[in-house]
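The values are calculated or read from the model by the stated rules, or taken from the named source; none is laboratory data. This structure is a prediction, so every number in the text was calculated from the model and none was measured. Here the Cβ positions follow ideal geometry from the backbone for every residue, glycine too, while neighbour counts run over all protein chains shown. Note: areas computed on protein heavy atoms with side chains; ligands, DNA, RNA excluded. Shrake-Rupley method; radii C 1.70, N 1.55, O 1.52, S 1.80 Å.
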Amino acid sequence: MALSFTPPIHPGEVLREEFLAPLGLKPYSVAKRLHVPRTRIERLVAERTPVTPDTALRLAKLFGTTPNFWLNMQTSYDLAVEAASLREEIDAIETLDAA
């Protein structure tokens, strides 16, 4: 069974709280190191935009993680948000019995 967080945790929160804050980094300095627009990282840490594959590759290189670390967080977040919004519709679907 998968872990469930209420509310779901946005990857921007993880970036902000677990990477930027402990290292004393600002979104601008991270963006500069990643060679991306400052607004991309500002929006990410403000939880207004998702982690894209491009950003995941860059964050992985900068912080010594993997791109999957960032993309899996984004996918988990997206699924949790979507599941909450579709709860009634999903609950109405009957599960098929195995053949």
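Largest first, the residues HIS10, HIS35 sort by 1.4 Å accessible area into HIS35, HIS10.
How large is the accessible surface per residue of the chain, computed with a 1.4 Å probe and reported in Å² as a whole number? Working shown, then result.
Details: 7270 Å² over 99 residues.
Here the per-residue accessible area is 73 Å².
Subtracting the Cα-Cα distance from 0.36 nm times the residue separation, let me have the gained length for THR66 to GLU18 in nm, one decimal. Could you put the intermediate results ahead of the total?
Working: separation 48, 0.36 × 48 = 17.28 nm, distance 1.52 nm.
15.8 nm is the gain from fully extending THR66 to GLU18.
Note down the magnitude of the dipole of the chain about its Cα centre, charges +1 on Lys and Arg C-beta and -1 on Asp and Glu C-beta and zero elsewhere, to the nearest 20 debye.
Working: 11 positive and 13 negative charges, 229 e Å.
Roughly 1100 debye, rounded to the nearest 20.
From Cα pairs below 8 angstrom and at least 6 apart in sequence, can you work out the relative contact order of the range 20-77, rounded to a whole percent?
Values: 45 pairs, mean separation 12.8, N = 58.
So the answer I get is 22 percent.
Mind checking the full-extension length gain between LEU79 and THR95? Use 0.36 nm per residue of separation minus the Cα-Cα distance, one decimal, nm. Intermediate results must be reported in sequence, preceding the final value.
Details: separation 16, 0.36 × 16 = 5.76 nm, distance 1.90 nm.
Extra length available between LEU79 and THR95 comes to 3.9 nm.
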